[in-house]
Amino acid sequence: MRYLLISDIHANLQALEAVLEDAARIGYDAALCLGDLVGYGADPAGVIQRIDALRPAAIVRGNHDKVCAGLEPPTLFNDAARQSAEWTFATLSAGERERLARLPKGPASVEGSVEICHGAPFDEDYYVFTENDASRAIDAATVPLCLFGHTHVPAIFSSADDPVVHDNGTPAGELRLPRAGPALINVGSVGQPRDGDPRAAYGIVDVAKRVLQLRRVDYDVKEAQRRIRAAGLPEWLAVRLGRGQ
Ligand code: ZN
């Protein structure tokens, strides 16, 4: 099976449409969605509809989905994140908020050999930035492939005895995953990349062949920024899209 991997869309419909167009050209069998459909961006309802229409084989919620659905207070959010969560809550219909609230907590298992989570398998809100952060998840892994999001930075980590790939800020391209040992993979963020490259990030993984494609796609950043400003959302949320920050 070839899976489309999408994470951290953050209500950026322009980025999501560009990613889906690119992915349709390449081809995949089913989609996996790793959470944070909404928050920050100006098109939360459009993104929820588009993701539902994909009928993902597995989907998990992100921390912004929880807060924007009203399941959790924005205690750990900075001002811009909190303001956008409040705007999102007010903008979505009751039905759309309910849809968000029903997104399952990770991890979710796929085919018995892949699991997806938002932050880490043992804590959906945990940030895996470094090898040190990753080692706990690798040690706890029960399946060969663990896919995560949340940091908005593409990264691949694998066990120390299989040094082929552990590289934070991996360049786009096709990568052969280690045959042995668990690999922990983040394909980056569709709607708010933070690795200095403003293009939308996503991946396609061939589970049987253990090949991962990390893709970057140009999209209409100016339109996404215009919609953020028109919605009255914090200016920084528009600015950062142009910088990939
Ligand atoms: Zn996120």
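Observations, loosely collected:
- With viscosity 0.890 mPa s and temperature 25 °C, the Kirkwood radius over alpha carbon pairs of the chain converts through Stokes-Einstein to a diffusion coefficient of 140 µm²/s.
- Under Stokes-Einstein, with the Kirkwood radius over Cα pairs as Rh, the value for region 1-92 at 20 °C and 1.002 mPa s is 159 µm²/s.
- Ordering of 201-210, 73-82 by packing is 201-210, 73-82, highest average first (other Cβ atoms within 10 Å, averaged per residue).
- Calculated mean residue ellipticity, 222 nm, the chain: -9500 deg cm²/dmol, from DSSP H runs (n ≥ 4) at -39500 (n - 2.57) each, averaged per residue and rounded to 500.
- Region 195-245 and region 27-81 have Cα centres separated by 14 Å.
- Expressed to the nearest 5 percent, the antiparallel share of DSSP beta bridges inside region 1-143 is 40 percent.
- Considering only Cα atoms, the convex hull volume of region 44-104 works out to 77 Å³ per residue.
A short reminder: the numbers here are calculations on the coordinates, not readings from a lab. Here the structure is a predicted model, which is why all the values come from computation and not from measurement. Cβ: placed from backbone, ideal geometry, glycine included. Neighbour counts: every protein chain shown.
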